[in-house]
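> Starting off with a structure, shown below.
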Amino acid sequence: MKVKRQKKVQRHLSFYSNNYGFRQPYQILVDGTICLAALTNKVTLKDVIPKYFDSNVKLLTTQCVIIETEKLGRAVYGAMLIVKQFPIHQCGHKDKPLIGSACLASMLKGSNPNRYIIASQDRELQNLVRKMPGAPLLYLHQRVPTLEHPSPASINSVKNKNETKIGITDYQEEVLKDMKKHVFGETTDRPMKRKKKSGPNPLSCLKKKRKVGSDSVSVPAPSGDEKAKKKRKRLKKKLVTTVTVGMDK
Ligand SMILES: [Zn+2]
């Protein structure tokens, strides 16, 4: 198998694993149409499908599918033999069997809680499966099994889930982070928050206040009266010293 094709399968499978809880062994519900296509193209589903998935898979069918192929008679005799090789999963239509496509559609129960992969060539069933979120579709493209790309219904359902969960999708979150990094460098939210809170530095304010206060106590701006007093004091001192010096002589 081509590497590119295998990568695609693994990518689709991991989409279903991550978003819809699919786990190995993957349960593949097979109908009569894909068995007929396998017969026409001379491929053995039991061999090619596990090889294509490169994983642990279980090929299953339902009683309704078997009954349908039996009813169709000789035209699909070979397909009936193939479909009868697979284990039967209970579909709950024992008393009133449905046609194969209706039975497999009902197995999905709207949200595919049992995580089936539907394997069918039936166009109507394929369209139904595409409308159901979390329902993978497998078919034969000539001799090659093909797991279809997740349908828009599956992708949109995941998007909506993520949006309601956190308001934005994971992808949008990544883009926002990148934009922040681009604008602010490596900084995160925390320094920005701190910046918002910071006003004038409280310590510097305190210091300033204390300085002003002490100045006003120790060195008041001298008034005119006090200036005169000081001058007189200085003159008195000078006079006393000169007098005493003169007396010594
Ligand atoms: Zn059934």
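The values are calculated or read from the model by the stated rules, or taken from the named source; none is laboratory data. The model shown is predicted, which means the values in this text are computed figures rather than measured ones. Don't worry about glycine lacking a Cβ; one is built from the backbone with ideal geometry, like all the others, and counts go over all protein chains shown. Accessible surface areas use protein heavy atoms only, side chains included; no ligands, DNA or RNA. Shrake-Rupley method; radii C 1.70, N 1.55, O 1.52, S 1.80 Å.
> Please report, in debye to the nearest 20, how large the charge dipole of segment 43-191 is about its Cα centre when each Lys and Arg carries +1 at its beta carbon and each Asp and Glu carries -1 there.
Numbers: 21 positive and 15 negative charges, 80 e Å.
Approximately 380 debye in magnitude.
> Largest first, what is the accessible-area ranking of ARG5, ARG143, ARG234 with a 1.4 Å probe?
On the way: ARG5 85, ARG143 130, ARG234 160 Å².
The residues order as ARG234, ARG143, ARG5, largest area first.
> Given TYR52, LEU39, TYR26, which one lies farthest toward the positive end of the charge dipole of segment 10-74, if we put +1 on the Cβ of every Lys and Arg and -1 on the Cβ of every Asp and Glu?
The residue sitting most towards the positive pole is TYR52.
> Another question about this same structure. Mind checking the dipole of segment 1-108: about its Cα centre, +1 per Lys or Arg Cβ, -1 per Asp or Glu Cβ, Debye to the nearest 20?
Values: 16 positive and 6 negative charges, 109 e Å.
With Lys and Arg at +1 and Asp and Glu at -1, about 520 debye.
> Ordering GLU68, GLU174 by accessible area with a probe of 1.4 Å, largest first, what comes out? Walk me through the intermediate numbers first.
On the way: GLU68 60, GLU174 100 Å².
Descending accessible area places them as GLU174, GLU68.
> Another question about this same structure. Using a 1.4 angstrom probe, figure out how much accessible area segment 3-151 has per residue, in square angstrom, rounded to the nearest whole.
Values: 7980 Å² over 149 residues.
I get 54 Å² per residue for segment 3-151.
> Normalised by the residues of segment 3-151, what does the relative contact order come to in percent, with Cα pairs under 8 Å and at least six apart?
About 28 percent, as a whole number.
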